[in-house]
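Report on the structure given below.
The values are calculated or read from the model by the stated rules, or taken from the named source; none is laboratory data. Just so it is clear, the model here is predicted, and its values are computed rather than measured. Using ideal geometry, Cβ is built from the backbone for each residue, glycine included, and neighbour counts are taken over all protein chains shown.
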Amino acid sequence: MFDPHNDHHRVDTLEALRTNYRNAHPGTLGKERPQLDDATAAVAARCRFAAIGTFDADGNADVSPRGGPSGFIKVLSPTHLAMADLGGNNRLDTLTNIVATGRIALLMITPGQTETVRLNGTAHISTDPELLATFDLPKVPKSAIVIQLDTTYMHCAKAFMRSGMWDTDVWAEMADVPDGSAVLASQGVVADEAATRAALAADYKTELAREAGGLS
């Protein structure tokens, strides 16, 4: 049986790693760009969902989902983006990490499309009222993540194609996967899974209505 604590096949050098894979195609190696082109800028401007990777001062990594209507990410220039910080759980993991290290990676996902756009760069948090007022959102965000690009590139579709992410038949197959309430119950965080599910649904509805301007 495989023992992760005593792995005799651990790959611990770059040379050993490369022996297991063919060399990357030159086009793949050369696809990084230092700024947004017209198409990539359009992807960012229309983006409705993104995953943000950050790390803290001790090197602990974090990935967080971000979503909103098209326009919650704003193209400021070919090298700068701003992302409105919409309502979350107020742990502020991503924002705390950005303040601590100023590094960010972004994966922009377009519903129905299998290619994605990746961005790497530096970031800071801004509460500039002029910037925040430019977001066409029901409520002015409390802050924005301002991103300066180092590199951007298109990522191929194979991961999404393998996963069946947009295949409704796959959605049906995954209907029995534990939801958030089941996970919390399994972890012992909550005792009543059904009550937690109902409470979360009500909270989501209330918070999204408040964000949309329907509640004060």
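Quick notes on this one:
- Considering (1) under 16 Å from Thr110 (Cα atoms); (2) free of Cβ contacts under 8 Å to residues at least 12 places away in the same chain, the lone condition that Trp171 does not fulfil carries the number (1).
- Which numbered condition Val189 misses (of (1) assigned by TED's automatic domain parsing to the domain that holds Glu115; (2) over 30 Å from Val75 (Cα atoms)): (1)
- Residues in segment 31-69 that are more than 16 Å from the chain's Cα centre (by Cα) and either closer than 29 Å to Pro111 by Cβ or of a type in the set (Ser, Thr, Tyr) (or both): Lys31, Glu32, Arg33, Pro34, Gln35, Leu36, Asp37, Asp38, Ala39, Thr40, Ala41, Ala42.
- Listed by position, the strands (runs of 3 or more DSSP E) contained in segment 47-145 that have at least 2 residues being in contact (Cβ under 8 Å) with a residue 40 or more places away in the chain are 49-55, 73-77, 80-84, 103-109, 116-126.
- Any hit, segment 20-32, residues being basic (Lys, Arg), free of Cβ contacts under 8 Å to residues at least 24 places away in the same chain and under 20 Å from Ala157 (Cα atoms): yes
- Verdict on His155 being free of Cβ contacts under 8 Å to residues at least 40 places away in the same chain, under 17 Å from the mean Cα position of the chain (by Cα) and surrounded by 11 or more Cβ atoms within 10 Å (Cβ to Cβ): no
- Those residues of segment 27-46 which are part of a helix (DSSP H, G or I) and either β-branched (Val, Ile, Thr) or farther than 24 Å from Thr94 by Cβ (or both), in sequence order: Gly27, Thr28, Leu29, Asp38, Ala39, Thr40, Ala42, Val43
- When residues in segment 169-216 are screened for being within 22 Å of the chain's Cα centre (by Cα) and of a type in the set (Ser, Thr, Tyr), 2 of them pass.
- So Asn90, is it at pLDDT below 95, on the phi > 0 side of the Ramachandran plot and not hydroxyl-bearing (Ser, Thr, Tyr): yes
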